[in-house]
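Student: Before we start, here is the structure in question, set down as structure tokens.
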Amino acid sequence: MDSSHRRLSAHSQRSHPDEPLSEHGEAPQAGSSRLKPGAQLTLMRYLQDLPDADVPPSPVPPRYHTGRLPNSKAGDGKPRLLLMGQRRSGKSSISSVVFHKLPPSETLYIETTTRIKKESMHSFMDFQVWDFPGHLDYFDPAFDVDNIFEEIGALIWVIDAQDEYLEAIMRLNMTILNLQNSYPNINVEVFVHKVDGLSEDYKSDTFRDIIQRVQDELSDNGYENAPVSFYQTSIYDHSIFEAFSKVIQKLIPQLPTLEALLNSLCSTCHIEKAYLFDIMSKIYIATDTSPTDIGSYEICSDYIDVVIDVSEIYGWDRPAENGHSEIAETGNNDAESLITMERKGNNYLYLREINKYLALICLMGDDSPAEKKAVIDYNVGVFQAALKQVFPRAERDVPQTTSEE
Amino acid sequence: MNTGKRQKQRKVLLMGKSGAGKSSMRSIVFSNYVAKDVRRLGATIDVEHSNIKFMGNLMLNLWDCGGQDGFVENYLNHQRNHVFGSVAVLIFVFDIESREFPADVISYSNIIRALQECSPGAKVFVLIHKMDLVQARLRAQLFDERAEYIRTASESFRDSVDFFPTSIWDQSLYKAWTQIIYFLIPNAATIEGLLQQLAEVIDARELILYERTTCLMVTHVTRGEEGQNPFTDRFERISSILKTHKQSMAKHTGIPAGSANFAEMQIKTGRFMFFITRLTENTNLAASIPPSEQVFNAARVNILLVRPKFAELDIASKPRPGIQQAFAHSAESDRDRDRLRDHSAGGESEYRGKGKEPVSIGMGGGFDG
Ligand SMILES: Nc1nc2c(ncn2[C@@H]2O[C@H](COP(=O)(O)OP(=O)(O)OP(=O)(O)O)[C@@H](O)[C@H]2O)c(=O)[nH]1
Ligand SMILES: Nc1nc2c(ncn2[C@@H]2O[C@H](COP(=O)(O)OP(=O)(O)OP(=O)(O)O)[C@@H](O)[C@H]2O)c(=O)[nH]1
Ligand SMILES: [Mg+2]
Ligand SMILES: [Mg+2]
């Protein structure tokens, strides 16, 4: 952990302490009273349809952009994720499943989008998701192109892999070429979507074909280095969350620091795989740099559900006991959980709430039995302290009960 | 079969029209299927028997009776005594989507009459199933109407029959089956008594006993203000959480779902502490306690201490003929002692089970693939 200390102080010099203060007053409102009892596992998941106007202009220019983002004028300072693509390709479904926890089967009833729908997501980092109607010409002069593409973090282009996709690719290519002229730094993230219904062979053929067609067009126009990435996604499994995780990770300037911290945690504690999750969306914002397979992500993501569900059940607002409030006799301020498996040779799971928004989830290897818990606790404490400096905002936002002391 | 004296074989009939969803619910509750797997099930031919060892000295003897007309006629005529004799519980499943509800009820009353004749003391549960197919706002009313109508056709069971709305897509299935199982457990009061004592000793807010394979609640004890917990459906919600977790672990580790058991799960927060741990061969104990490390540690130690007491109530540890059983029992208590020693030495000892599946479920018809 020594090394993480060093890394930490090195980092703190370039950390980004300033966040729009206005965010502060906004926090407690949120129509999330149902979820509030979630113990100290704060689960402050709130997500509203904030029209732009509701977000006061920030007094301080936002600093959490990657170097790749175009400089913003004094806008709302939230990176935007734009969801674009053909009609019925699944844009609104993706947004609802990932950010509103809509059960996938209920997306069947989503109506076609007629106006740009903007969602603000408050988390370790604020960002906006703009869900576009499929039929719009995004470069129609009637449109305020600048207003749309300025400050965006990523353009997510959704292609229905179960449908005829040539026109979708044509429009995508046109969009990329247009963007290359004026906003060459925007990440274009292509979701080859609805792959759940496809056979393995067909799926990979389609995927390769789409990549080929886009890249050919780009290199024909001399843009072979345009920042375009491809993902296979479906709302019926974890793949859409994984893809979003990767999209968002590109927008986190602190990512290398986070990865280094996680690497050092893993090696000191013999952790097989560690993820830093955004509790609300179950997007992981970082993991150690050992190879990732979707299986371990899925286990961890399902595990968050278990902890959140149980916390909701038993974290209800109890009346104060015999006059003295429950908080006085606190146990853990940060929620913590551990699962040990019965069969020898099975991994076990560890979860620790890091701050209001983030949880650390670790898959432990065989060689780190529960006796090592003290070591793990200690090192996770160090990790947590380091993280507070990486994301100062979360620290300031500690729930009011504790900030009164 | 070696049936110890105190072991209670309880015959349970699962009946209803073909396609109503009987085998679906059985495979989800008892065989670790997930809801989306049940489409693979074919129609049941004749009767599929399964024996399920349960908490207490209960052995469930489940008859999943294929619902096609030919089979039903056979049950009612040629096999009347064989099928309807010595029945403890009849579970009758109605499909809410059925277009021939009146005909379904006629078939139901034929079966009720046979039951009345051969097992007048039986208990009847009616499940009105596939409620997910009805719009949420219409569910309650439709359920009440159907239930009232069915009650009038229930002959001598008219006053005792219980109704539940169910769906394999939510926890309502667990709610219904929890009630059915509770009815069948012969020594529930004794178990509850012990649980109550334990709760006092460890100052638990709530203790819930779950059967390990099915994750169904056996019983629970709630103390103090936990009684005001607004989540009144929490017992079946936790069932469903546990089952889902089990499936998630099985899927990603490659262990069969039947064996993907955890030894312990702990959750500690500023408002409560919670853990689930193995209590007896067939049960897990969930405890919700105040947020304090001392209470938490004391509770875990005390639970280890009472395990033998609960084991006495458990079917597997009865001194049944068969050396294996006795052996397993003593191994169990040895392990307890070891664990306690570890504990007093301050070590966090990890609990490892025997690695064998304790609950044997024999399924007929090559069902349990
Ligand atoms: N099989 C499958 N269907 C999906 C998936 N994602 C979305 N869908 C379905 O696709 C249909 C269209 O989804 P929408 O989200 O309304 O599409 P959209 O892109 O927002 O459409 P517009 O608003 O008209 O542009 C719905 O019926 C969804 O259920 C997926 O991953 N797999
Ligand atoms: N929507 C919905 N479908 C269900 C539910 N339960 C079962 N089903 C469907 O009903 C169909 C028939 O289920 P089975 O369990 O095979 O029916 P059964 O009662 O065992 O039929 P027999 O063996 O012929 O008597 C399956 O395809 C399931 O997908 C439910 O709760 N909701
Ligand atoms: Mg839409
Ligand atoms: Mg069947």
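The values are calculated or read from the model by the stated rules, or taken from the named source; none is laboratory data. No experiment lies behind these values; they were computed from the predicted model shown. Methodologically, a virtual Cβ is constructed for each residue, glycine included, from the backbone with ideal geometry; neighbour enumeration extends over all protein chains shown. We work out accessible area using only protein heavy atoms, side chains counted, and drop any ligands, DNA or RNA first. Shrake-Rupley method; radii C 1.70, N 1.55, O 1.52, S 1.80 Å.
Student: Among A:243, A:232, A:192, which residue has its Cα furthest toward the positive end of the charge dipole of region A:80-249, with +1 on Lys/Arg Cβ and -1 on Asp/Glu Cβ?
Tutor: Of the candidates, A:243 comes out farthest on the positive side.
Student: A follow-up question, please. Hey, what's region B:8-184 come to in accessible area per residue, 1.4 Å probe, Å²?
Tutor: On the way: 7560 Å² over 177 residues.
On a per-residue basis, region B:8-184 sits at 43 Å².
Student: Please compute, over every Cα-Cα pair in region B:31-125, the percentage with a separation greater than 16 angstrom.
Tutor: When all Cα pairs of region B:31-125 are counted, 65 percent exceed 16 Å.
Student: Still on this structure, I have one more. Please say if region B:142-245 is rounded, prolate or oblate, where rounded means a/c under 1.5 for a ≥ b ≥ c the square roots of the C-alpha gyration tensor eigenvalues, and otherwise the choice is prolate for a/b larger than b/c and oblate otherwise?
Tutor: Values: a/c = 2.10, a/b = 1.66, b/c = 1.26.
Here region B:142-245 falls in the prolate category.
Student: Taking both sides together, what accessible area is buried at the A/B interface, probe 1.4 Å, expressed in Å² and rounded to the nearest 100?
Tutor: Values: alone 19160 and 17320 Å², together 32120 Å².
So the buried area, both faces added, is about 4400 Å².
Student: Let me ask something else. Quick one: Debye curve from the C-alpha atoms of region A:80-249, no solvent, what's log10 I(q)/I(0) at q = 0.10, 0.11, 0.15 Å⁻¹?
Tutor: Results for region A:80-249 at q = 0.10, 0.11, 0.15 Å⁻¹ read -0.35, -0.42, -0.82.
Student: Using only alpha carbon pairs under 8 Å that are at least six residues apart, calculate the relative contact order of region B:1-100 and give it in whole percent. Mind showing how you got there, number by number?
Tutor: Values: 137 pairs, mean separation 42.5, N = 100.
So the answer I get is 43 percent.
Student: For region B:8-184, build the charge dipole from Cβ charges (+1 Lys, Arg; -1 Asp, Glu) around the Cα centre, then report which of B:67, B:103, B:184 sits farthest towards its positive end.
Tutor: Value: B:184.
Student: Solvent-accessible area per residue for region A:80-249 at a 1.4 Å probe radius, Å²? Display every interim value, and only then the final one.
Tutor: Working: 7240 Å² over 170 residues.
Computed with neighbouring chains in place, this is 43 Å² per residue.
Student: Then there's this: If I take every Cα pair under 8 Å that is 6 or more residues apart in region A:87-136, average their sequence separation and divide by the length, what percent do I get for the relative contact order?
Tutor: Details: 52 pairs, mean separation 19.3, N = 50.
Worked out over region A:87-136, it gives 39 percent.
Student: Round to a whole number: what % of the accessible area of region A:208-317 belongs to carbon and sulfur, probe 1.4 Å?
Tutor: Working: 1650 of 3620 Å².
Its accessible area is 46 percent carbon and sulfur atoms.
Student: Let me ask something else. Where Rh is the Kirkwood radius over the Cα pairs of region B:55-108, the temperature 25 °C and the viscosity 0.890 mPa s, what D in µm²/s does Stokes-Einstein return? Can you show the working numbers first?
Tutor: Numbers: Rh = 13.2 Å.
Result for D is 186 µm²/s.
Student: With +1 assigned to the C-beta of every Lys and Arg and -1 to the C-beta of every Asp and Glu, and no other charges, what is the dipole magnitude of region B:9-49 about the Cα centre in debye, to the nearest 20? Write out the running numbers ahead of the final one.
Tutor: Values: 8 positive and 3 negative charges, 25 e Å.
Approximately 120 debye in magnitude.
Student: Can I ask one more? Given charges of +1 on the Cβ of Lys and Arg and -1 on the Cβ of Asp and Glu, with all other atoms neutral, how large is the dipole of region B:8-184 about its Cα centre, in debye to the nearest 20?
Tutor: Details: 21 positive and 19 negative charges, 102 e Å.
With Lys and Arg at +1 and Asp and Glu at -1, about 500 debye.
Student: Compute the normalised compactness of region B:8-184: alpha-carbon radius of gyration over 2.2 N^0.38 Å, N being the residue count.
Tutor: Values: Rg = 15.1 Å, N = 177, 2.2 N^0.38 = 15.7 Å.
Working it through for region B:8-184, the quotient is 0.96.
Student: Using just the alpha carbons, could you tell me how many Å³ per residue the convex hull of region A:169-302 encloses? Don't skip to the end; give the middle numbers.
Tutor: Working: hull volume 17.8 nm³, N = 134.
Per-residue hull volume (Cα only) is 133 Å³.
Student: I would also like to ask the following. Which order do you get for B:300, B:223, B:40 if you rank them by accessible area with a 1.4 Å probe, largest at the top? All intermediate terms of the calculation are to be shown ahead of the outcome.
Tutor: Numbers: B:300 25, B:223 60, B:40 175 Å².
From most accessible down to least: B:40, B:223, B:300.
Student: Further question: Based only on the alpha carbon positions, what is the Kirkwood hydrodynamic radius of region B:251-299, in angstrom? Can you show the working numbers first?
Tutor: Details: mean 1/r = 0.0818 Å⁻¹.
Over region B:251-299, the inverse of the mean reciprocal pair distance is 12.2 Å.
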